Structures are given as structure tokens and as C-alpha cells.
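Comments concern the structure below.
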Amino acid sequence: MATKAKSEQAPKSAPAPAGQPSPFADAFAKAVKLVDSGKHAEAVKALDALMEEALAAGDWAIKRRAKVYRALAEAKLHPAKAEPADAITEIQASLNRRDTDEALKQLEKALKAHPAQGNLHYLRAVAFAQAENAEASAESLKKAVELDGDLIFQWHMEPDFNSVRKSPLFAFTEGR
């Protein structure tokens, strides 16, 4: 046998009479002014109080608007911290800027911490290729491919190797 569940209806917002602003309009305007003027801590307090009063009075429209501005003030008060870039991203950025000296400095540090990471040896090979040091580039690429054989495909497509690619030092890449 099915039974009807009793449900309570949420109180409806008592809209202001036509042509008259909400009784909370002035408080809302002052709170928005606090947000706009950069007084975020004060704005959060004012908006919290306003949301409580609007909730008690059943003015859902003002409560929703206040909630939006409160979130904005809170975000300004406690901005999200950016994640620091990882070592590989920093190295790639240096290589993209053609700052090979900086990239090699970062790579030496990263390779001391993670000597078995093939992608670090690959990036080192790229840096040496940018510096047109074919011998060091080939040596680093050989180590990278030993650690991660899939890096050979990246080598074939990497334009930074174009200046050293024809060197006989890269013969080990033939047929792979």
C-alpha cells in the first residue's frame, strides 16, 4: 500500500510590493560596496549577517545574491595558491626559450635526484643538441633510450635535433 509522504514546503519569499525595494536592499548595497572597495573581511561579515536575516525573512533572492558576493569576497580574502611548476616543466620552459645553460643547470640537479628517469636524459640530449654538441647529445640520448625505448619516437620528430641528427654518433637510432 502506498502512502503519501508528508512534506513541508519551504517558506516562500515575501516579495516587496511592486515598486518598492526589498527591505534588505540597503544592507545588500552596502555589502557590495565593501566587496568593491576591497574590504573583503568586513564584506564577509556583513554578507553573513545579511544571509541570516534574509533566510529568517524568507527572502531567498537576496540570500542567493549575498551568497554569490560572499563567495567572491572569500576568494579575494583567501586566493588559491598556484602550484609550483615541476622540474620537467621548468626545464622544458628553459629549452623553449633556448636558454640551454639554464636548462643544463636544472637538468644536472634533477638527474642527481632522479638518475633513472629517461625523460630527463632525453631533455639533456635536446639541450646539448640546441648547443650543437653532437657528442654529448648522442650520449644522453643513448642513455634515455636505454631507460625508455619509446623516447626514440620522440627523437625522430624533435626539430631541435636537426642540427646534429646527421652525425654518425646517432647511428644507433637507425632502424628503430
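Miscellaneous remarks
- Taking every DSSP helix (H) stretch of at least 4 residues in the chain, weighting each as -39,500 (n - 2.57) and dividing the sum by the residue count yields a mean residue ellipticity at 222 nm of -19000 deg cm²/dmol.
- Near N96: Cβ cut-off under 13 Å, other residues only, Lys/Arg at +1 and Asp/Glu at -1. The net charge is -3.
- Highest mean packing first, where packing is the average number of other Cβ atoms within 10 Å per residue, the peptides 87-97, 39-49 line up as 39-49, 87-97.
- Which label in [x] 31.4, 87; [y] 20.3, 54; [z] 15.2, 46 gives the computed Rg and Dmax of the Cα atoms in Å: [x]
- Positive contributions from Lys and Arg (+1) and negative ones from Asp and Glu (-1), summed over other residues with Cβ under 14 Å from the Cβ of V35, come out at +4.
- Two-site label geometry, A85 and D150: point separation in nm, points 7 Å out along Cα→Cβ: 2.4 nm
- Cut-off 12 Å between beta-carbons: net charge of the residues surrounding P23, Lys and Arg +1, Asp and Glu -1: -3
- In this simple spin-label model, placing a label point 7 Å from the Cα along the Cα-to-Cβ direction at both E108 and E139 gives a separation of 1.3 nm.
- Net charge dipole size for region 25-77 [Lys, Arg +1 and Asp, Glu -1 on Cβ; Debye, nearest 20]: 180 debye
Each reported figure results from applying straightforward, stated rules to the coordinates on display, with no laboratory input. For clarity, every value in this text was computed on a predicted model and none was experimentally measured. FYI the Cβ positions are ideal-geometry reconstructions off the backbone, even for glycines, and counts take in every protein chain you see.
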